[in-house]
Ligand code: PGA
């Protein structure tokens, strides 16, 4: 048993409304009890203030889903890390596969954003993951290794460990197809070993989350793996009760 406290993060993606979020937050506060893990809720930008204010007093924290690689200035439509902190965010997802695939974010930009998040005082949730084609070509280790290496090169193991890493195989996101606990554990152990080459102590403390079709029915088995320290939850986080059962499955 290691000393890493599990973390479960919701990624609402582009879902929600003021009214729907109010109902979610009411149900979340009512159902939370004494949390058995760290909890983060990553909402769309316009709702960050609402979520930060509505999570309640039991330590759950607000996060954003992206940030600008720039600090301030003429970047129409971009949102700076400092602004996220200003509206109560403590965490930010960086390098989600949907941003890598649909918004052309490569490993260097992701590393820039992680560095920016740290400068702004945010804790990054650094996402890595291979596509189905890459997995089938036997390139999983190479692909996720390169994604992590760029971030490690930029911020070091210590910077990385301010936040967490999230392993999210692209083929498991939103597809209902989850990596088996063994498949996920294998990659998590690999990622930890890679960080260990830079700094063994930090690697032992680093939390590595699994994401991709985690549900209340499969969470406990995934979270029981030695190198899986929680989850990044998309679809199943949209109903407060479902999200809370996933959080409950993170009991060490
Ligand atoms: P999912 O998404 O749980 O809906 O598969 C996870 C994610 O993309 O973070």
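The values are calculated or read from the model by the stated rules, or taken from the named source; none is laboratory data. Model, not experiment: these values are computed from the prediction. Cβ placement follows ideal geometry from the backbone for every residue including glycine, while neighbour counts extend to all protein chains displayed.
A few notes on this one:
- When 41, 51 are screened for being part of a helix (DSSP H, G or I) and touching a residue at least 12 places away in the same chain (Cβ under 8 Å), only 51 passes.
- As a summary of the residue check, residue 125 satisfies the conditions (1) away from the ligand (no atom under 15 Å from the Cβ); (2) in contact with a strand residue (DSSP E or B) (Cβ under 9 Å, 6 or more places away or on another chain) except for the one numbered (1).
- Evaluation of residue 101 against (1) surrounded by fewer than 14 Cβ atoms within 10 Å (Cβ to Cβ); (2) within 16 Å of the ligand (Cβ to nearest atom); (3) over 24 Å from residue 149 (Cβ atoms) (one fails), failing number: (3)
- Criterion applied to 43, 60, 9, 27 was being modelled with pLDDT of 95 or more, surrounded by 21 or more Cβ atoms within 10 Å (Cβ to Cβ) and in contact with a helix residue (DSSP H, G or I) (Cβ under 6 Å, 6 or more places away or on another chain), and the one residue passing it is 43.
- Of all residues in the range 95-141, those satisfying the criterion of being in contact with a helix residue (DSSP H, G or I) (Cβ under 8 Å, 6 or more places away or on another chain) and closer than 22 Å to residue 59 by Cα are 117, 118, 120, 121, 122, 123, 124, 126.
- Residue check, residue 134 at pLDDT 95 or above, more than 14 Å from the ligand (Cβ to nearest atom) and in a helix (DSSP H, G or I): yes
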